[in-house]
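The values are calculated or read from the model by the stated rules, or taken from the named source; none is laboratory data. Nothing here was measured: the structure is a model prediction, and the numbers come from that model. Note that each Cβ is placed from the backbone with ideal geometry, even for glycine, and that neighbours are counted across all protein chains shown. We work out accessible area using only protein heavy atoms, side chains counted, and drop any ligands, DNA or RNA first. Shrake-Rupley method; radii C 1.70, N 1.55, O 1.52, S 1.80 Å.
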Amino acid sequence: MGSPPGRGRSSCALAFRAALPCLLLTVLESAPAAAQSLTPDLFNPSRGGFVAPDALPMRRTAGVPQAPSDAVPQPPDPNDDPRKKSDAPAATRVGQVPTYGLSPANGASSSGYDSLNRKRQQPKLYPGQPKPRKPAGPGSPVPLATPDTSLGPPRIAPPPSETAHKTPVPPAMAGTVPGQPLRRRLKADDDAFGAVGDYAGSFLIKGGLELSAGYDSNPARLQKPVGSPVYVVAPDLLVISDWERHALVADLRGSFSGYTNNMPETIDGLASPSPVEINRPDFTGHIDGRIDVDRDLKLTSQLRLRLATDNPGSPNVQAGLQKYPVYASYGTTVGFDQTFNRFEVAAGATVDRTAYTDSKLTDGSVFSNNDRDFNQYGGVGRFSYDLKPGLRPFVEIEGDNRVHDQAADRNGYLRDSSGGYAKIGSSFEFSRILTGEISVGYSARTYVDPRLSQLSGFLTSGSLIWNASGLTTVKFNTDTQIAETTIPGSSGVLVHTYAAEVDHDFRRWLTAIGKFTYGTYDYQNQGRNDKTYSLEGNLIYKLNRNVWIKGTLRHDILDSNQPGSSSQGTVVMLGVRLQN
């Protein structure tokens, strides 16, 4: 079957087009064609194996040493720095494998990451040149690029050594976020179970309440003991200002001891030396204020209140009482504190008043105690010198005048008097291990009534705290006072008190406290001397910061040289403390 007419004409046209170029090449080529000869270099794999060296298109120019045509180019040495300028001309690098940038881990041995794990070289320092600081570790605060001074002077970041070992703090917590208000820096809290308190404006308020109950074998401190169950309610309040300048502190502590049993009205046919109702309130509070006039001058003041009764077993307690009369001693001190470089002068004027309630007797009558009420006016001054950090010796002088509401007391004696004391001592702080203040001196008081002789004696005053270890603390306190008395012919009572306390934490939540108190009461011109001993042990179990459980065991001894005045008593208490 023949091809279509159109397709046959197309095949003839294609054959003609292919033959025409071949005919033109044959006509133009006049030289005879020759076959390629077979040479030994025909199968040479080196450069120029098919072409003569002088016919190479990349041949070297004159004046350049010719390398063998069969030389194989070598790769560059990895240890050579390509950044160094080569002494050979550019033509000698023709045919070499080009290298770009730095070789792997080149120069990383002194800084950065080294993939070859080579030992990092330390920079050589000139003599006397300071060593460079190591970079900050994890947790170090990142300083702001531009300090924000809109809220005050810029903060200075602490050195890395103080925070490098701690857990990183978020910027919002650390107060490093730009534009964030300055964050109040909290003080370190050493007591993990102490009261936290609440802020009311710029005041920190801490409060507590102790509720306990137990048994007292001799609450009236009689020679023949008469026991009674006892309960104690003891609130306390602490308010501290948080100001940059000035200060205000209020410390208020009170208690009420209630006894369910009454004491007998008579003993051996005579009126009992103890009241029938022996409930006793007790309160001690003071408010201290300070105004910082400038860096060296401060104005100081204090308001104080003491609310209590006579101690059980005291000869000042009247016979045949229905209950204890309560007395209140309140007053104020206004003074200043001036610093002259290392020398400091502190002085103040004091005004105090002591007033007793009337005595209610068992027969229903009322006896006035106005003869025991008096006002005291005085002044005190202290001169101290900062000998060296942690040691400040001082000299303190005090003088006062006591004026009673009634010139003569119930026994006809004129009790108005004047007196004072002088003492020398020092406050110290040795490496936070032993801190406190201790002093010794002499005290004297002269009475208006010539029948009352001068009352004088050696005095000690001090408070020491010894941090024996991180879990054990030892405290020591001593004080001396000249107290009033109603005993006929006696000028007053010279009271010395010494107390030692040891606190030990078996755990942070389990604390044991041991106390020992020794006191002497010397009644002038009466030959009466009383000695008191008190041994107390407390065990505190801290459930959390708000709830503590406390157990108390105390034994009291009153040893008197007067017949029938000595006594002993044991107290066992168990209670709970609620605080915030």
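Quick check: is even one residue across the range 341-349 without any contact (Cβ under 8 Å) to a residue 24 or more places away in the chain and farther than 30 Å from residue 219 by Cα?
yes
Residue 497 versus (1) free of Cβ contacts under 8 Å to residues at least 24 places away in the same chain; (2) assigned to a loop (DSSP other than H, G, I, E, B); (3) of a type in the set (Ser, Thr, Tyr): which is the lone unmet condition?
So the condition that residue 497 fails would be (2).
Just checking, how many residues over the range 500-531 are assigned to a strand (DSSP E or B), touching a residue at least 40 places away in the same chain (Cβ under 8 Å) and not charged (D, E, K, R)?
1
Find the residue count for the range 532-580, including only residues that are of a type in the set (S, T, N, Q), within 29 Å of residue 273 (Cβ to Cβ) and either in a loop (DSSP other than H, G, I, E, B) or open to solvent by 30 Å² or more (accessible area, probe 1.4 Å) (or both).
Going through the range 532-580 one residue at a time, the tally reaches 7.
Of the residues 380, 440, which is of a type in the set (Val, Ile, Thr) and surrounded by 16 or more Cβ atoms within 10 Å (Cβ to Cβ)?
Checking each option against the conditions leaves just 380.
Could you check residue 481 against (1) open to solvent by 50 Å² or more (accessible area, probe 1.4 Å); (2) at pLDDT 95 or above; (3) under 30 Å from residue 222 (Cβ atoms) and say which number it fails?
(2)
Condition test on residue 379, is it in a strand (DSSP E or B), among the small types (Gly, Ala, Ser) and free of Cβ contacts under 8 Å to residues at least 60 places away in the same chain? Spell out how you get there, then give the answer.
On the way: in a strand (DSSP E or B): yes; among the small types (Gly, Ala, Ser): yes; free of Cβ contacts under 8 Å to residues at least 60 places away in the same chain: yes.
Yes.
Could you give every pair whose Cβ atoms fall below 9 Å, whose first residue belongs to the range 220-235 and is closer than 23 Å to residue 285 by Cβ, and whose second residue is β-branched (Val, Ile, Thr) and not in a strand (DSSP E or B), counting only separations of at least 6 or pairs across chains?
Between residues of the range 220-235 that are closer than 23 Å to residue 285 by Cβ and residues that are β-branched (Val, Ile, Thr) and not in a strand (DSSP E or B), the close pairs are 231/260.
Here is a check on your reading of the model: is residue 523 closer than 28 Å to residue 567 by Cβ, modelled with pLDDT under 95 and hydroxyl-bearing (Ser, Thr, Tyr)? So that I can check it myself, show each step before the final result.
Numbers: closer than 28 Å to residue 567 by Cβ: yes; modelled with pLDDT under 95: yes; hydroxyl-bearing (Ser, Thr, Tyr): yes.
Yes; evaluated as a whole, the condition is true for this residue.
Using the structure shown, decide if residue 339 is β-branched (Val, Ile, Thr), farther than 24 Å from residue 398 by Cβ, open to solvent by 30 Å² or more (accessible area, probe 1.4 Å) and out of contact with any Lys or Arg (no Cβ under 7 Å at 6 or more places or on another chain).
No.
Here's a check for you: in the range 315-335, which residue that is crowded, with 19+ Cβ neighbours inside 10 Å and hydroxyl-bearing (Ser, Thr, Tyr) is modelled with the highest pLDDT?
333
Can you name the residue in the range 414-437 that is over 20 Å from residue 495 (Cβ atoms) and more than 37 Å from the chain's Cα centre (by Cα) and, of all such residues, is least open to solvent (accessible area, probe 1.4 Å)?
416
Take the range 216-238 and flag every residue that is in contact with a Pro (Cβ under 6 Å, 6 or more places away or on another chain) and surrounded by fewer than 16 Cβ atoms within 10 Å (Cβ to Cβ).
217, the sole residue that qualifies.
Could you figure out which of (1) surrounded by 15 or more Cβ atoms within 10 Å (Cβ to Cβ); (2) free of Cβ contacts under 8 Å to residues at least 40 places away in the same chain; (3) part of a strand (DSSP E or B) isn't true of residue 449?
Tallying (1) surrounded by 15 or more Cβ atoms within 10 Å (Cβ to Cβ); (2) free of Cβ contacts under 8 Å to residues at least 40 places away in the same chain; (3) part of a strand (DSSP E or B), residue 449 fails exactly one: (3).
Exactly one of (1) touching a Gly at 6+ places or on another chain (Cβ under 9 Å); (2) open to solvent by less than 50 Å² (accessible area, probe 1.4 Å); (3) modelled with pLDDT under 95 is unmet by residue 202. Its number?
(1)
From (1) open to solvent by less than 40 Å² (accessible area, probe 1.4 Å); (2) at pLDDT 95 or above; (3) over 39 Å from the mean Cα position of the chain (by Cα), pick out the condition that doesn't hold for residue 257.
Just one mismatch for residue 257, condition (3).
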